[in-house]
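Just so it is clear, none of the values below were taken in a lab; they were calculated from the coordinates. Since this is a predicted model, take the numbers as computed values, not measurements. Here Cβ is always computed from backbone atoms with ideal geometry, including for glycine, and neighbour counts include all displayed protein chains.
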Amino acid sequence: MDPVSIVGTVLGILVIIVGTVLKGSTVGALWNPAAFVIVFFGTFSALLVQNQGKVLKRALSMMSMIYRPPQHQPEDLIRRIVAWSELCRRQGLLGLEPQIDQESDPFTIKGLQLLVDGSEPEALRSALEVDLDTREAVDLAAAKVFENAGIYAPTLGIIGAVMGLMAVMQNLADPSKLGHGIAAAFVATIYGVALANMFMLPMAARLKGLIARQTLMREIMIEGLSAIAQGDNPRQIESRLQGYVA
């Protein structure tokens, strides 16, 4: 678990609640079913119109990465690649075949399999780069779902506020309802702006950062496996890959 992300999420909720109380209102004033339906379900409906089902499914599955981010350690990956290179020099490419069964990442498995099969360095690089670009595009499309939610939510909040004010205008003859009605109307704006700026947009930015980190790891993998296929010296491979870490 990533404690920073958890603290940020909890703190964001507390800021709204505590801020409301300090402003002299009540926590109960923050709850408005009509505003909730307009903002949250309205935002979700907009995302349904914009995105394919598989993109939304991928976006939902990636939410766990925010609180359980993958442990990307370039130094450890470089050590593994150098170890594979040394193994190849002793036993040949077929010596890497047992290593395939020890891997769980599909990208790494594909790269090692291509290497064991004796693929030419350029062919190996080309195949893995296509895989890399495809995976990155899919993940970025999923991350953009949260970015788009951050765009739609404030607009839906304004729509909810306007609809609430319309209801208030219809009850001008009853002054006792005006204050409560106006307050309830602006709850939708709070929902929309808070959802966008405290949750959706930060989540999108965090996912893009994790995707970039994952892409870097795969670029290191491509460069390392291509170097092994070329028969480069393990020390040369290590020196070249250290440039990614710097």
- From phi via Karplus (6.51, -1.76, 1.60), per-residue ³J(HN,Hα) for segment 88-95 in Hz, x at Gly/Pro: 5, 5, 8, 10, x, 4, 5, x
- Task: Could you run the Karplus curve 6.51 cos²θ - 1.76 cosθ + 1.60 with θ = phi - 60° over segment 15-29 and give me ³J(HN,Hα) per residue in whole Hz, x for Gly and Pro?
- Result: 4, 5, 5, 5, x, 4, 5, 5, 7, x, 9, 10, 4, x, 5
- GNM top mover of 26, 43, 155 - the chain, alpha-carbon springs below 10 Å: 26
- Task: Would you calculate the separation in nanometres between label points at residue 122 and residue 244, each defined as 7 Å from the Cα along the Cα-to-beta-carbon direction?
- Result: 2.2 nm
- Tell me what the chain gives for mean residue ellipticity at 222 nm when only DSSP H runs of n ≥ 4 count, each as -39,500 (n - 2.57), the sum divided by the residue total, rounded to 500 deg cm²/dmol. -26000 deg cm²/dmol
- Query: Tell me, what ³J(HN,Hα) does each residue in segment 68-78 have, in order and in whole Hz, if you take phi through Karplus 6.51 cos²θ - 1.76 cosθ + 1.60 with θ = phi - 60° and put x for Gly and Pro?
  - Reply: 10, x, x, 8, 8, 10, x, 4, 5, 5, 5
- Query: Counting other C-beta atoms within 10 Å, which of 94, 195 has the fewest, and how do the rest follow?
  - Reply: 94, 195
